[in-house]
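Please treat every number below as a calculation from the coordinates, not as lab data. Quick caveat, the model's predicted, so the values are computed rather than measured. Counting neighbours? That spans all protein chains shown, and the Cβs are built from the backbone with ideal geometry, glycine included.
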Amino acid sequence: MKKTAEIVVIGGGVIGTSIAYFLSKKGKKVVLVEKDDLASGSSGACDIDIILQSKNPGIHLKLAMESAEIYKNLTEELDFDIEYENTGGMILIEDEDQLQVMREFVKKQKAIGLQVDLLDFKEASKLQKGLAPHLVGATYSPQDAHVNPMSVCMGFAMAAAKLGAEICLDTAVVDIKTSKGAVKSVVTNRGEIETATVINAAGVYAPEICAMVGMSVPIKPRRGQIIVTEPVPKLIMGDVLCAKYIVAKYNPGIVECSDDPETRLGVGLSLSQTRNGNILIGGCREFVGYNRSTTHEALTTILKHATRLVPALKEIHAIRSFAGLRPYTPDGLPLLGPVNGIEGFIMAAGHEGDGIALSPITGRIISDLITDGKTFADISSLSPKRFDAWGENRFAS
Ligand SMILES: Cc1cc2nc3c(=O)[nH]c(=O)nc-3n(C[C@H](O)[C@H](O)[C@H](O)COP(=O)(O)OP(=O)(O)OC[C@H]3O[C@@H](n4cnc5c(N)ncnc54)[C@H](O)[C@@H]3O)c2cc1C
């Protein structure tokens, strides 16, 4: 027998589960389908940072700040321990050139309302022990925070289920049927679900789902590799990045062409410490398709870079490593909202290295768009329609 659903959400990562929760809160009957398990994709193979300082000043930062506000009370709201901690965070600066770039970045972020300051080396050292003496300083924001992304997925999914959502794990979407330009049903390996509304929250697999309705989107996997240390007493103050991380994130062209492995692999420091005491040492940014292996070259380059900036890490044992895929888009912004030509097909994917930070606000925006047809902010720059020409060009080539 065919199932029916008011709304089908595809994907059980931080984005799909958040959307399922916010829609359920508004009284919508949601079925979430996940081909494997909750957090089995990028949301289970990433860092833990809700870092605002890394966001481009503009809509990106504005949404991250709104999202951070929701996070503050999310543990209570979901009645689930998501390991939220308002730690603060820093971006380490190595030389005068980086200082110039970060000074401009901070000025623009402050104009949007972020509490962020430039610190000299002495001030930075008071916040983070064990820094290399060659550093010239850091930016610091007290607004950065941490969560456990896997717990965020569980918390959202369980709260959605309590509100009536159906969470279908081990259920892969294999087709989407449309008629007269509108969604009619979602076909899974376990049967068909009749629905007029489907939300594509499949992360790096969003292009596969788009292809089912004849659409093409420029989301592609960007691998990141992370080293996990043994648990140690509190050493890392919060989210600690370096200015090179910002360059690697927003300039894929520069990093791919370089002969220097650190630059070519898009290595930039990202340090955080879990509640258990394990330090996560990252990271890199590589376009290698859907390959989720770790590589000796990247891991050693990441460690060399990290210990150069924070020599205190040399004393700590690494115990394992993993890799995850960021859903990259050419302009660094996610695709949120309806698409041209297919009524009832909504995009919510392409959050690159910001999906954890942007998860709550994405759930709110998509639920607002579906229930009210509008949301609190002008999100036209996030519309999937901005890539319509890209799609046509691609089909033509
Ligand atoms: C190394 C690394 C570090 C990161 N660090 C941070 C960080 O500190 N802070 C931050 O904000 N972000 C970070 N990110 C980014 C963040 O992890 C992602 O933006 C986020 O997890 C994307 O969530 P998602 O729900 O869109 O995708 P996913 O978590 O990948 O969820 C998509 C789900 O869709 C499912 N799916 C796919 N196809 C189908 C199908 N056909 N049928 C049914 N289900 C399907 C998949 O199984 C998957 O579970 C990091 C990413 C990486 C790789």
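Dipole of the range 225-323 computed with +1 at Lys/Arg Cβ and -1 at Asp/Glu Cβ about the Cα centre; of T294, I319, V267, farthest Cα towards the positive end is I319.
Taking the centroid of alpha carbons for each part, the range 136-182 and the range 328-342 are 17 Å apart.
Assuming charge only on the beta carbon of Lys and Arg (+1) and of Asp and Glu (-1), the dipole of the range 95-254 about its Cα centre is about 180 debye to the nearest 20.
What the pair-distance distribution of the range 1-82 shows, using all Cα-Cα distances binned every 10 Å from zero, is 15, 37, 37, 9, 2, 0 percent.
Here is the P(r) of the range 94-219: all C-alpha pair distances, binned every 10 Å from 0, give 10, 23, 19, 17, 19, 11, 1 in whole percents. Computed over Cα pairs, the Kirkwood radius of the range 322-397 leads via Stokes-Einstein (0.692 mPa s, 37 °C) to a diffusion coefficient of 244 µm² per second.
Along its first, second and third principal axes, ordered by size, the chain spans 66, 50, 41 Å in Cα coordinates. For the chain, the dipole from Cβ point charges (+1 on Lys and Arg, -1 on Asp and Glu) about the Cα centre works out to 480 debye, to the nearest 20. Considering helices alone, the calculated mean residue ellipticity of the chain at 222 nm is -10000 deg cm²/dmol, with DSSP H runs of length four and up weighted by -39500 (n - 2.57) and normalised per residue. The listed peptides 229-240, 275-286, ordered by packing as a protection proxy, come out as 275-286, 229-240 (highest mean of other Cβ atoms within 10 Å first).
Sort Y245, Y328, Y21 by Cβ crowding within 10 Å, fewest neighbours at the top. Present the calculation step by step, with values, prior to reporting the outcome.
On the way: Y245 25, Y328 21, Y21 31.
In increasing order of surrounding Cβ atoms, one gets Y328, Y245, Y21.
Per-residue Cβ neighbour counts within 10 Å put K180, K62 in the sequence K180, K62, beginning with the fewest.
Taking 8 Å as the Cα distance limit and 6 or more residues as the minimum spacing, I'd like the relative contact order of the chain as a percentage.
On the way: 923 pairs, mean separation 91.5, N = 397.
With pairs under 8 Å counted, the relative contact order is 23 percent.
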